[in-house]
Amino acid sequence: MNHAYKYYIGVLIAVILWGSNFVVIKIALQQVDTLALLSIRFVLSTMILGGICLFRQPRMTTPLSVRNYIFLFFLGILGIAGFNLGLFYGLNDTSPIHASLIVSLSPLMTLLIASRFNIERVNLSHVIALLLCMIGVFLVIGSPLHDSQFMIKGDLIIFVGTLSWSVYTIFSTKIKSQIEPLQLTFILMFFGSICIVLLSSFHLNLFSALTEINTQAWGLILYMAIFTTCIPHLLWVHSVRKIGPTESSLFFNLIPVFATIFAMFTGFIPDQYQIIGIIISFTGLAIPNLYSYIMNRTHLVTKKEAVNK
């Protein structure tokens, strides 16, 4: 546990940066076309991660077969293109707080889908979490500040994107153990970027869109590429390896909290219903992770006592 605190700080910084992502996207979408913003953001992120892979892991890359690459291509469509298309298009019509709350449901959605196919088991803590999250989301979406005509549309689009991420998570479980995390992320982002750029090319002239982007928008794009994609991912992957996925996942539940804080800096003040809804959802999201954390700690203590005897 020596110097373990720095890994907790790393996870916390990653979560704070991810929380800011929703607000930055919302602001950038007011200045840049959705597909152009997506394309530029992920092309830049892919180039940065590719450079890091070459610099840090030239001899640590895992040899892959053609079949692996085909499988990763479809994962890139689901996890990178599908999820982010839903997130970016949804944020055109809804608020960063709604978006962050819906996206934070992805671990629970993943578990429910996996349990349907007998991949994972659902226990009482998951059922309680689901009920609390549903109540929390209902309070946030049902708030008097909610513009039902547009925001529900945006919420649904983000929900579909989050569903795509959950399906990606289930299918990627096996291959994640076979490939270095940084290499895997680069490949998925590369394939996802190709899909996004190809889709964009059918709807707009990317070169023309580049010339129309102002200085402020470029700053936002660079922030997204570096500070909400590359840096938090590297911090997360490195820290999770040291402190474990169970403890790290507790921090993941803070994303809607930080998204709300950043949204308040942009002038959005949540009402009492939204605040209560966020607190209830946060509690629901934390319950399964706290349960796993307590069970793991109990198991370790029991095992240690047995060894001492």
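Collect the residues in the range 157-197 that are more than 25 Å from LEU54 (Cβ to Cβ) and either more than 19 Å from the chain's Cα centre (by Cα) or among the β-branched types (Val, Ile, Thr) (or both), keeping them in residue-number order.
Once the filter is applied, which keeps residues that are more than 25 Å from LEU54 (Cβ to Cβ) and either more than 19 Å from the chain's Cα centre (by Cα) or among the β-branched types (Val, Ile, Thr) (or both), the range 157-197 yields ILE157, ILE158, VAL160, THR162, VAL167, THR169, ILE170, THR173, LYS174.
When the residues of the range 258-269 are filtered to those that are modelled with pLDDT of 75 or more and assigned to a loop (DSSP other than H, G, I, E, B), which remaining residue is farthest from the chain's Cα centre (by Cα)? Step through it out loud before you land on a result.
So in the range 258-269, the residues modelled with pLDDT of 75 or more come out as 258-268.
From what is left, the residues that are assigned to a loop (DSSP other than H, G, I, E, B) are 266-268.
Details: THR266: 22, GLY267: 24, PHE268: 22 Å.
The qualifying residue farthest from the chain's Cα centre (by Cα) is GLY267.
Residues to consider are VAL237, VAL160, VAL197; find the one that is in contact with a Pro (Cβ under 8 Å, 6 or more places away or on another chain) and among the β-branched types (Val, Ile, Thr). Steps first, please.
Numbers: VAL160 fails: in contact with a Pro (Cβ under 8 Å, 6 or more places away or on another chain); VAL197 fails: in contact with a Pro (Cβ under 8 Å, 6 or more places away or on another chain).
Every option except VAL237 fails the conditions.
Can you go through ILE226, ILE221, ILE280, ILE231 and tell me which one is buried (at least 17 other Cβ atoms within 10 Å of the Cβ) and either within 30 Å of VAL197 (Cβ to Cβ) or within 14 Å of the chain's Cα centre (by Cα) (or both)? Quick ask: steps written out before the conclusion?
Values: ILE226 fails: buried (at least 17 other Cβ atoms within 10 Å of the Cβ); ILE280 fails: either within 30 Å of VAL197 (Cβ to Cβ) or within 14 Å of the chain's Cα centre (by Cα) (or both); ILE231 fails: buried (at least 17 other Cβ atoms within 10 Å of the Cβ).
Only one candidate qualifies: ILE221.
Residues VAL23, VAL32: which one is among the aliphatic types (A, V, I, L, M), assigned to a loop (DSSP other than H, G, I, E, B) and under 30 Å from PHE207 (Cα atoms)?
On the way: VAL23 fails: assigned to a loop (DSSP other than H, G, I, E, B).
Unique residue meeting the criteria: VAL32.
Among the helices (runs of 4 or more DSSP H) contained in the range 106-204, which hold 3 or more residues that are modelled with pLDDT of 75 or more and polar (S, T, N, Q)?
By residue number, 106-116, 148-176, 181-201.
Which number in (1) over 25 Å from SER164 (Cβ atoms); (2) touching a residue at least 40 places away in the same chain (Cβ under 8 Å); (3) in a helix (DSSP H, G or I); (4) not acidic (Asp, Glu) marks the one condition that ILE275 misses?
(2)
With the requirement that a residue be out of contact with any His (no Cβ under 9 Å at 6 or more places or on another chain) and either modelled with pLDDT of 90 or more or within 19 Å of GLY219 (Cβ to Cβ) (or both), what does the range 1-14 give you? Quick ask: steps written out before the conclusion?
Taking the range 1-14 and keeping what is out of contact with any His (no Cβ under 9 Å at 6 or more places or on another chain), we get 1-6, 8-9, 11-13.
If the condition is that a residue be out of contact with any His (no Cβ under 9 Å at 6 or more places or on another chain) and either modelled with pLDDT of 90 or more or within 19 Å of GLY219 (Cβ to Cβ) (or both), then ILE13 is the only one that fits.
Would a scan of the range 278-288 turn up a residue that is touching a Lys or Arg at 6+ places or on another chain (Cβ under 9 Å), modelled with pLDDT of 75 or more and assigned to a helix (DSSP H, G or I)?
Keep residues of the range 278-288 that are touching a Lys or Arg at 6+ places or on another chain (Cβ under 9 Å), which gives none.
No, the range 278-288 contains no residue that is touching a Lys or Arg at 6+ places or on another chain (Cβ under 9 Å), modelled with pLDDT of 75 or more and assigned to a helix (DSSP H, G or I).
Mind listing just one residue for me: the one in the range 172-196 that is farther than 11 Å from PHE73 by Cα and touching a Phe, Trp or Tyr at 6+ places or on another chain (Cβ under 8 Å) and, of those, surrounded by the most Cβ atoms within 10 Å (Cβ to Cβ)?
Top of the filtered list is ILE196.
Of the residues in the range 198-211, how many are touching a residue at least 24 places away in the same chain (Cβ under 8 Å) and either under 18 Å from the mean Cα position of the chain (by Cα) or surrounded by 12 or more Cβ atoms within 10 Å (Cβ to Cβ) (or both)? It would help to see each step written out before you state the result.
As a first pass, look at the range 198-211 and keep what is touching a residue at least 24 places away in the same chain (Cβ under 8 Å): 199-200, 203-204, 206, 209-210.
After this cut, where a residue has to be either under 18 Å from the mean Cα position of the chain (by Cα) or surrounded by 12 or more Cβ atoms within 10 Å (Cβ to Cβ) (or both) as well, the list is 199-200, 204, 206, 209-210.
Total meeting the criteria: 6.
The values are calculated or read from the model by the stated rules, or taken from the named source; none is laboratory data. Everything quoted here is computed from the prediction, not taken from an experiment. Neighbour counts run over all protein chains shown; Cβ positions are idealised from the backbone, glycine included.
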